Amino acid sequence: MSFSIDEVNFIVYRYLQESGFHHSAYTFGIESHISQSNINGALVPPAALLNILQKGLLYTEAEITIGENGTETRLTESLSLIDAVTPDAVANRQNAHNAQKQAIKEPSSGGEQNGVDVCIKTDTTPTTCTTAPTPTGIPTPTAVPETMDVDQSIEIPASKATVLSGHESEVFICAWNPSTDLLASGSGDSTARIWDMSDNPTTTPNQLVLRHCIQKGGTEVPSNKDVTSLDWNCDGNLLATGSYDGYARIWATDGTLASTLGQHKGPIFALKWNKRGNYILSAGVDKTTIIWDAASGQCTQQFSFHSAPALDVDWQTNNSFASCSTDQCIHVCRLHADKPIKSFQGHTNEVNAIKWDPQGQLLASCSDDKTLKIWSMKQDTCVHDLEAHSKEIYTIKWSPTGPGTQNPNMNLILASASFDSTVRLWDVDRGVCIHTLTKHTEPVYSVAFSPDGKFLASGSFDKCVHIWSTQTGSLVHSYKGTGGIFEVCWNSRGTKVGASASDGNVFVLDLRKL
């Protein structure tokens, strides 16, 4: 096998993404100029790097074990990845193998004497026949049990889910329209799609394909870049998307492209409308955040306060916002202010996500340092430093409850999702974990509260969507799809849960049917 440097870079980049190292993938992609290659990511299968490494090991083993006359004897121990690329190790294994073949040809008590394919067996060595090896040091997906350890009564059968097929690559994100049952999804196939999930059981859901194109040679061609973020405006009549091609775009609900927003120099990682719907906020690998005028599509202000890629943003008010970065810092900025109005430092690794509480008083942040921190504009140090997860915390969400919300009689809680396969629910007033949700068996990438705050949906790379009671922490419903779950979301009435998956599918669970 021979590969160009662009192909090697892209395969390594995809491996980093699939292993959950998204920010490392972003950085590697920029430094290796993947955006300048002509590789169509939709054609590269999952686990491509692992497959190539496994084949390489098999070929190396074959060279050692197969003689000039075509006969073969089995290795008593599979090659490790390091052995396979170390000339001395390969030579030593070849010499040992030749000695082994010579011993087999001579009469002995324990092996076949015909000089052909054998398995060696002694009193201390179990029978070993070569199978496809797993490269040493390369993590492989954990096997997911065929049946989950949950009551059969809460498992949602496949017949109760609507599977939406059409994307040609991973679907990283999905979001419901706030006014109607339109579900938007964004994928690695350089498209976003709008699915009409209105109640009409006699027809297949309609889909609009929003193709993300760039100008090349005077014509529009597919960007071949991932759609990484999307968000509906408050009225539900416009959808904003952010892409690896460095552009944000605004679309109408009929699929018409309304504006293209081009100011970032590199991939966009996050994008949000403000509540009023007049501004869009974006964060990118170019270390900047930008406020865009939604009506004109022009950059209103660009903020360059981070020293590394900006990973997430969230509006505090219609004119102020917080941003976080791989530089471990959090900045609170305001439109027309030439410097941050507040900065928070305390994390010891990159900050993956930030979220303001419903009243905009407390800011939650989560990090690869395995901590969850709560900040207030009234002080410089964190209000709470919550340490309970054993691995990186990928995302966080506040419940739509407490003072100033539509559910004022329920306590405000915070959910955190981690690569340790758990979700935790926190009482932020007391700074304590009230429930640990442990049914997932792989990293949890997404959590979402129902509009009434009574339920929480979680999605994991174990292919499962779980729905939990926020009061008791008990598992209420569970559905297993066909791919790892990147995102889960509720419609505005709390009757449907949407999810996007690594196998290119989007699916919808209608909870009224359960």
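The values are calculated or read from the model by the stated rules, or taken from the named source; none is laboratory data. Please read these numbers as outputs of a predicted model, since none were measured by experiment. A quick note on method: Cβ atoms are made from the backbone with ideal geometry, for glycine too, and the neighbour counts reach across all protein chains shown. Only protein heavy atoms, including side chains, enter the accessible area calculation; ligands, DNA and RNA are left aside. Shrake-Rupley method; radii C 1.70, N 1.55, O 1.52, S 1.80 Å.
Considering the stretch 300-333, and only residues there that are among the hydroxyl-bearing types (Ser, Thr, Tyr) and under 22 Å from the mean Cα position of the chain (by Cα), the residue that is farthest from residue 367 (Cα to Cα) turns out to be 323.
Listed here are the residues, each with its yes/no results for (1) surrounded by fewer than 14 Cβ atoms within 10 Å (Cβ to Cβ); (2) in a loop (DSSP other than H, G, I, E, B).
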position	(1), (2)
374	no, no
380	yes, yes
400	no, yes
403	yes, yes
411	no, yes
421	no, yes
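Is it the case that residue 434 is in a strand (DSSP E or B), open to solvent by 20 Å² or more (accessible area, probe 1.4 Å) and over 17 Å from residue 494 (Cβ atoms)?
So residue 434 fits the description; yes.
Of all residues in the stretch 187-246, those being more than 20 Å from the chain's Cα centre (by Cα), at pLDDT below 95 and of a type in the set (D, E, K, R) number 3.
So which strands (runs of 3 or more DSSP E) are wholly in the stretch 172-217 and hold at least 3 residues that are of a type in the set (S, T, N, Q), under 25 Å from residue 444 (Cα atoms) and open to solvent by 40 Å² or more (accessible area, probe 1.4 Å)? Give the derivation first.
Numbers: elements: 182-187, 191-196, 207-211, 213-216.
The strands (runs of 3 or more DSSP E) meeting that bar number zero.
Annotation note: Cβ proximity below 9 Å between a residue of the stretch 302-331 that is on the phi > 0 side of the Ramachandran plot and a residue that is open to solvent by 20 Å² or more (accessible area, probe 1.4 Å) (sequence gap 6+ or interchain) occurs for 328/345; 328/346; 328/348; 328/349; 328/350; 328/369. Residues that are of a type in the set (Lys, Arg) and in a loop (DSSP other than H, G, I, E, B) were ranked within the stretch 241-291; the one that is surrounded by the most Cβ atoms within 10 Å (Cβ to Cβ) is 287. Residue 496 meets all of the listed conditions (1) open to solvent by less than 10 Å² (accessible area, probe 1.4 Å); (2) under 15 Å from the mean Cα position of the chain (by Cα); (3) among the basic types (Lys, Arg) but one, namely (2).
Quick check on the stretch 417-431. Is at least one of its residues more than 27 Å from residue 24 (Cα to Cα) and within 22 Å of the chain's Cα centre (by Cα)? The answer is yes; a qualifying residue exists.
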